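Structure first, then comments.
The values are calculated or read from the model by the stated rules, or taken from the named source; none is laboratory data. What you see is a predicted model; the values in this text were computed from it and never measured. Heads up, the Cβs are rebuilt from the backbone with ideal geometry, glycines too, and the neighbour counts pull from every protein chain shown. The protein model used for the area step is the full one, side chains on, heavy atoms only, and it has no ligands, DNA or RNA in it. Shrake-Rupley method; radii C 1.70, N 1.55, O 1.52, S 1.80 Å.
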Amino acid sequence: MACVAAVCALLAGGTPAAAGEADREIPVQLLDVTDLHGQLQPTGVAPVTNPDGTKSAVGGLAYLATHLAQLRTGQRNSITFSTGDNFTGWEQDSFWLRGEPIVEFLNQQHVRFATVGNHELDSRPEWLTDHMVDGACGGEYGTVGVASCFPDSTGRRYHGTDFPYSSANIVDKRTGRPIAPPYVVETVRNDAGRAARIGFINLTVPDTVGNLRTILSFNPSLAALDEVRTADHYAQVLQSQGVQAIVLNIHDGGVPKSGTPYDSCSDIDSSLEWGMGMAVAKAVTPAIDAVFTGHQHQLFNCVVDDPAGNPRPVIEAGAYGQAVAAMSLTLDADTGDVDRSRTVAHNIANTHDVTPDPTTQAMVDHWSGYFAGYQQTTVGAVAADVTAARNPAGESTMGDAVADMELWEGQRDPHAADLALVKQIFLPPDLTYAPGQVPGDSPGRVLFAEVAGSPGGQSQPVVNADLTGDQLRAVLEQQWRTDASGATVFTPLAVSRNVTCTYDTSRPVGDRVRAVRVAGRPLAPGRTYRVAASVTFFEGPVYAQDTAYPAAAAATRHYRLPDEDRFAWVDYLRHVGVLRPPDTDRVRDLA
């Protein structure tokens, strides 16, 4: 339900001060939204559990804008921020328009800063820092209005965020320096003109980078520092600058019991692999006065003891615009510190019993309409059907085409790829010469709506890495395996146009590959080859029905290419103009 009078009164500043003390006190309101994931509409957002066990429908940016406006009413010091994962969403319009719709919303809401979430790094870090934040367009960021930098609801071309992104613990491996400012400091004042500063230390879940299993945000050029040690360090830095009021904003959270009401606390297992944020909230220095969390898509409002035994609030506001985490702090103008006894925190559900904000609704309608038109744009053409249907040797025209795309993408590495391999368990939608169901289609024409699938099952980075000739042969042998019943299972790889492979299925599993040639030359056992593939090729199965080629895990010198496979596939189709079905003669079975 909407922010009721009693809750709004508490959030206005906690327990009222005694007469004569008001000039020394500085009330501050903190409003946090987390894990929006580009969700513009309320459709598909999970309801929240109320205290009586009933459910309330929530979600939608237009409703969220109204709730935020109500919460800010009458507040001299109201600071709105985000705990990360704002873009790279599941809503197709926001995803394919590169997160720019959600940035327009955050700019409209005068967000002051945001933590770098794992999904902010689903492309290379330069995409976040140079394009999403600074608004760089063209060049490596693609054709304006085609690949990025779309017009917003005012007609203005994308210009970046009006606020900084911040992360203290994600650093460049070469320099050891954070890729974004490690903290943000805000100055607040009371009606008497007394001022104080609040420092916000921002942290990112540490398995975001450098770990192949994080899939989308795999960035081998980055490293993650320990969360607790990093938070403690920057708390000392802030205190050395005279900042005593300190808030931790961490894109890592906890998982309460299922069915926990959205504004309450239940047992949270901080030992869970995916719920370490609560453990961090308990362990960081007592100098930190409050903790906002995210990443887990959970709703809770807890108080934990800091290492000195003092109560400290920890709150998370779910995901996709389910709620706002609202907290009121009272600062002492003499000391600059937080009076924790006066702190009040609540999750305010983004319910639909308010009037949607018309400006925000117009913005949402703009982007939905823009994407509807975008889906009817031409990305290329096909000379004949390109499909995932395999011939007896396991080869398909779609598999070959995607392998050629990954080889093309792999040339963008300073150490260019020698070949590409593709797991055919997941391929993009077939491209047919005959017109499809999308309005405006015609024979051979490929519309954007026809190519919106992913070559990797979920959008994945394309990665270059080194494998020796012996390791490559071992990978190719692992296309066949014997299952528990003793049956032979064949999971063929697609190879790029410069590779041929001959095998003999009459021979035993593990000894079937007879000859491999790369660029016309026999595979050399001791030579190192640069291989382009999706990240899960090197890591192993991540999704249901995925397949593993264990020898690929021996790869070294991983390098992330600029684009995720979905975007690279669209770019490749634009690049070739007319895609002709590859001749399926790259693989041959001698049996």
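Express the C-alpha Rg of region 361-442 as a ratio against the empirical globular expectation 2.2 N^0.38 Å, rounded to two decimals. All intermediate terms of the calculation are to be shown ahead of the outcome.
On the way: Rg = 17.1 Å, N = 82, 2.2 N^0.38 = 11.7 Å.
For region 361-442, the normalised Cα radius of gyration comes out at 1.46.
Can you give the longest stretch of the chain with no exposed loop site, where a site means GluC sites (Glu not before Pro) in a DSSP loop (not H, G, I, E or B) with at most 15 other C-beta atoms within 10 Å? Intermediate values should be presented prior to the final figure.
Details: sites that count: E21, E273.
Longest gap between qualifying sites, sites excluded: 274-591.
Each principal axis of the Cα atoms in region 293-398 has its own extent, and those three values, largest first, are 75, 43, 29 angstrom. Amide H to amide H distances under 5 Å link S264 with N301, where only residues 5 or more positions off or on other chains count and H is placed in the peptide plane. From the convex hull of the Cα coordinates of region 140-294, what is the mean projected area in square nanometres? Averaged projected hull area, Cα only: 13.9 nm². Using only the C-alpha atoms, the convex hull of region 20-74 corresponds to 130 Å³ per residue. Over all pairs of different C-alpha atoms, the chain has a mean inverse distance whose reciprocal, the Kirkwood radius, equals 25.8 Å.
Taken along its principal axes, the alpha carbon cloud of region 96-148 reaches lengths of 29, 22, 19 Å, longest axis first. Here the relative contact order of the chain, from alpha carbon pairs under 8 Å that lie six or more residues apart, stands at 15 percent. For L222, nonlocal amide neighbours, meaning residues 5 or more places apart or on other chains whose placed amide H falls under 5 Å from its own, are K173, G210. First select every other residue whose beta carbon is under 14 angstrom from the beta carbon of A65; then total the charges, Lys and Arg +1, Asp and Glu -1. Charge balance in the 14 Å sphere: -2.
When the accessible area of region 24-127 is computed with all protein chains present and a 1.4 Å probe, what percentage of it is carbon and sulfur?
51 percent
Using a probe of 1.4 Å on the protein chains alone, the accessible area found for K257 is around 120 Å². Computed with every protein chain present, the accessible area of C265 is close to 70 Å² [probe 1.4 Å].
Can you give me the Kirkwood hydrodynamic radius for region 420-537, using every pair of distinct Cα atoms, in Å to one decimal? Please list the in-between numbers first.
Values: mean 1/r = 0.0601 Å⁻¹.
Across region 420-537, the inverse of the average 1/r is 16.6 Å.
Counting only DSSP beta bridges with both residues in the chain, the antiparallel share comes to about 70 percent. Converting the Cα gyration tensor eigenvalues of region 321-375 into ellipsoid dimensions via √(5λ) gives semi-axes, longest first, of 39, 14, 10 Å.
Ordered by solvent-accessible area of protein heavy atoms (1.4 Å probe), largest first, the residues Y549, Y370 come out as Y370, Y549. Sequence-ordered 3J(HN,Hα) estimates for region 217-223 from the Karplus curve with 6.51, -1.76 and 1.60 and θ = phi - 60° stand at 9, 4, 9, x, 7, 10, 9 Hz, glycine and proline given as x. With θ taken as phi - 60° and the Karplus curve 6.51 cos²θ - 1.76 cosθ + 1.60 applied, the whole-hertz 3J(HN,Hα) list for region 557-562 is 6, 5, 9, 7, 6, x Hz, x standing for glycine and proline.
Our analysis of region 140-224 gives Rg over Rh at 1.13, with the two radii drawn from alpha carbon positions and Rh computed by the Kirkwood formula. Each residue of region 151-157 is assigned a 3J(HN,Hα), and the resulting list reads x, 7, 5, 9, x, 7, 5 Hz, derived from the Karplus form 6.51 cos²θ - 1.76 cosθ + 1.60 (θ = phi - 60°), x at Gly and Pro.
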